[in-house]
Amino acid sequence: MRLLAALDRAAEEAGALARLGARAAAGLFTPPFDFRAGIEQMDQIGVRSLGVAGITTVFTGMVMALQTAYSLPGLGVKYYIGTVVSKSLVRELAPVLVALIVGGRIGSGMTAELGTMKVTEQIDALRSMAADPVKKLVVPKLAATLVMLPALTLLGDLLGILGGLLIAVFQLDLTAAFYANDVISSLTLEDVVSGVGKSFFFAFFITVVGCHNGLTAEGGADGVGRATTNTVVLASILILVSDFFLTKLFYLVG
Amino acid sequence: MSALYSVRGLVKRYGVKSVLEGIDFDLARGECLVVLGRSGTGKSVTLRHLIGLEQPTSGSILFESLEIVGRSERELQPVRRRVAMLFQGGALFDSMTVFDNLAFPFREHRVCPEAELAGRIAALLDKVHLPGTERRMPADLSGGMKKRVALARALALEPEVLLFDEPTTGLDPMTSASIASLILATQRSTGAAALVVTHDIALARRVADRIAFLDQGRFRFLGTFEEAEAAPDPLLADFLAGREEADDVA
């Protein structure tokens, strides 16, 4: 019985997420457009995530290069470092890691902000003044995340490859030209499109989960805290699970 | 005079927990009805139903001839433009200045060009005796000032009905008295009807045309303050006199 009740709750939650997602997506294409709010959100979501996204990807690129060279020493893999680092980063590691790290940061921020507004009746105040909280608060965040997360992913691709270059040159005694040549000859447009394509989906999941948990938070600071934790957990799980299916999908399509 | 609001058989249950068990009342144009009751009896819930922030389990709420129950957010917009609510904590948007908070209803409904906003907002702040506070952030205001700014925001679109949720809770007696004066002055100058939810007897005595006493999900009493004082109801008499509950004493 308890299992049934839990399933019932999960289904209800999934339905609510889907409804919010649909309303927010529709809101992206219905005027009036609040460009000022969108740009403010881009700053908060994108520009202020540059540091974490950069550090994550540079070091991942460096580790990838080291691991590849040292774990398979006899196979001469070191001459394919550029291929290994760039393919794995661009297709997989940069989109997923950037989504996890940046998603944790911005998703929890959205929940905390909207959750505090909910428990202090600011969301009700919006509704009472005949304004739509989804259009007013969720849509600018969704628009900003849909622009900024793929942009951060692209930047992460670049920085990760640069991280690999550092290791290739200073640890593995390859020339920069050799590494760069390897990267350029192996990396295809499909690799980039599939990686950045994933990040659009991740951006959507992060925003919808973050905003939904905020808008439904209850019970003061404690409730907002719980909702925030829930956002990080649920958004991460959605990113990792959907990544599998998206990878399948992009291989089928590409 | 025709009723602006008519509420009939309003029932609200959250799961198995029952809050309202059948509320009936009318609110006439220009009238001030004060709903009294102990904490947690569903006073605020009643208020929230009137602009569709909550949907009842059953019952009917007519605003003029429009049924509010079961309406979508979009369908409720015309009602919400004419009815303003003052929330308990003020519910000012804390990421915005006082100016932007007051500008919000004007901008949202494109009432006037941006150039006119400054004048209109200054006039609103004058009404609540807070001139020159446009650039302040809500976090820098005291509780009483927040409520007054919130009142100014509620007045922005010249509503026909004002809903007050515990307007004096958490304020000192002098600030409470000034809020009461503001409610009276607003009502007189705009002719708006008001529904005030409170457990502040002094406030009720000053502003109420009629009072309702909410207990166990029903209006146990509905009439003028004088009638309430004369009513042969021990619980109401205890409440008005601020006496302890009989159970607690024993």
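Tabulated values for the structure
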| item | result |
| --- | --- |
| Residue match in the stretch A:220-227 (condition: over 19 Å from residue A:91 (Cα atoms), assigned to a loop (DSSP other than H, G, I, E, B) and of a type outside the set (S, T, N, Q)) | no |
| Boolean, residue A:150 is within 26 Å of the chain's Cα centre (by Cα) and at pLDDT 95 or above | yes |
| Residue tally, condition surrounded by 14 or more Cβ atoms within 10 Å (Cβ to Cβ) and more than 27 Å from the chain's Cα centre (by Cα), over the stretch A:155-177 | 5 |
| Long-range neighbours under 7 Å by Cβ, at least six apart or interchain, first residue among the acidic types (Asp, Glu) within the stretch A:227-248, second buried (at least 20 other Cβ atoms within 10 Å of the Cβ) and in a helix (DSSP H, G or I) | A:243/A:96; A:243/A:198 |
| Restricting the stretch A:104-124 to residues that are among the charged types (D, E, K, R) and touching a residue at least 40 places away in the same chain (Cβ under 8 Å), the residue that is nearest to the other protein chains (Cβ to nearest Cβ) | A:113 |
| For residue B:198: the one exception among (1) within 18 Å of residue B:38 (Cα to Cα); (2) of a type outside the set (A, V, I, L, M); (3) open to solvent by 50 Å² or more (accessible area, probe 1.4 Å) | (3) |
| Those residues of the stretch A:50-88 which are in contact (Cβ under 8 Å) with a residue 24 or more places away in the chain, closer than 14 Å to residue A:159 by Cα and not hydrophobic (A, V, I, L, M, F, W, C), in sequence order | A:54, A:56, A:57, A:60, A:61, A:82, A:86, A:87, A:88 |
| Which numbered condition residue B:24 misses (of (1) modelled with pLDDT of 90 or more; (2) out of contact with any Leu (no Cβ under 8 Å at 6 or more places or on another chain); (3) not polar (S, T, N, Q)) | (2) |
| Count of the stretch A:130-167 residues which are more than 14 Å from every other protein chain (Cβ to nearest Cβ), closer than 30 Å to residue B:109 by Cβ and not β-branched (Val, Ile, Thr) | 4 |
| Out of A:214, A:223, sole residue that is over 22 Å from the mean Cα position of the chain (by Cα), open to solvent by less than 10 Å² (accessible area, probe 1.4 Å) and closer than 27 Å to residue B:73 by Cβ | A:223 |
| In the stretch B:85-135, residue most open to solvent (accessible area, probe 1.4 Å) [restricted to those that are away from chain A (no Cβ under 11 Å) and at positive phi] | B:129 |
| Residue that is part of a helix (DSSP H, G or I), touching a strand residue (DSSP E or B) at 6+ places or on another chain (Cβ under 7 Å), touching a residue at least 40 places away in the same chain (Cβ under 8 Å) and more than 30 Å from residue B:106 (Cβ to Cβ), where the choices are B:204, B:212 | B:204 |
| Of residues in the stretch B:8-22 being farther than 18 Å from residue B:165 by Cα and among the hydrophobic types (A, V, I, L, M, F, W, C), the one surrounded by the fewest Cβ atoms within 10 Å (Cβ to Cβ) | B:16 |
| Selection from the stretch A:181-203 of residues that are in contact with a helix residue (DSSP H, G or I) (Cβ under 7 Å, 6 or more places away or on another chain) and open to solvent by 10 Å² or more (accessible area, probe 1.4 Å) | A:182, A:183, A:186, A:187, A:192, A:196, A:197, A:200, A:201 |
| Test set (1) among the charged types (D, E, K, R); (2) under 17 Å from the mean Cα position of the chain (by Cα); (3) within 14 Å of another protein chain (Cβ to nearest Cβ) - residue A:127 fails condition number | (2) |
| Failed condition for residue A:238, given (1) within 14 Å of chain B (Cβ to nearest Cβ); (2) touching a helix residue (DSSP H, G or I) at 6+ places or on another chain (Cβ under 7 Å) | (1) |
| First in the stretch B:55-84 and within 13 Å of chain A (Cβ to nearest Cβ), second anywhere and among the small types (Gly, Ala, Ser) and open to solvent by 50 Å² or more (accessible area, probe 1.4 Å), Cβ under 9 Å, 6 or more apart | B:55/B:70 |
| Criterion (crowded, with 19+ Cβ neighbours inside 10 Å and either touching a His at 6+ places or on another chain (Cβ under 7 Å) or not acidic (Asp, Glu) (or both)) met by exactly one of A:137, A:72 | A:137 |
| In the stretch B:23-58, residue nearest to residue B:213 (Cα to Cα) [restricted to those that are open to solvent by 20 Å² or more (accessible area, probe 1.4 Å) and assigned to a strand (DSSP E or B)] | B:24 |
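The values are calculated or read from the model by the stated rules, or taken from the named source; none is laboratory data. Treat the numbers as computed from the prediction; the structure is a model and nothing was measured. In this analysis, Cβ positions are derived from the backbone assuming ideal geometry, glycine residues included, and neighbour counts consider all displayed protein chains. For accessibility, only protein heavy atoms count, side chains too; no ligands or nucleic acids. Shrake-Rupley method; radii C 1.70, N 1.55, O 1.52, S 1.80 Å.
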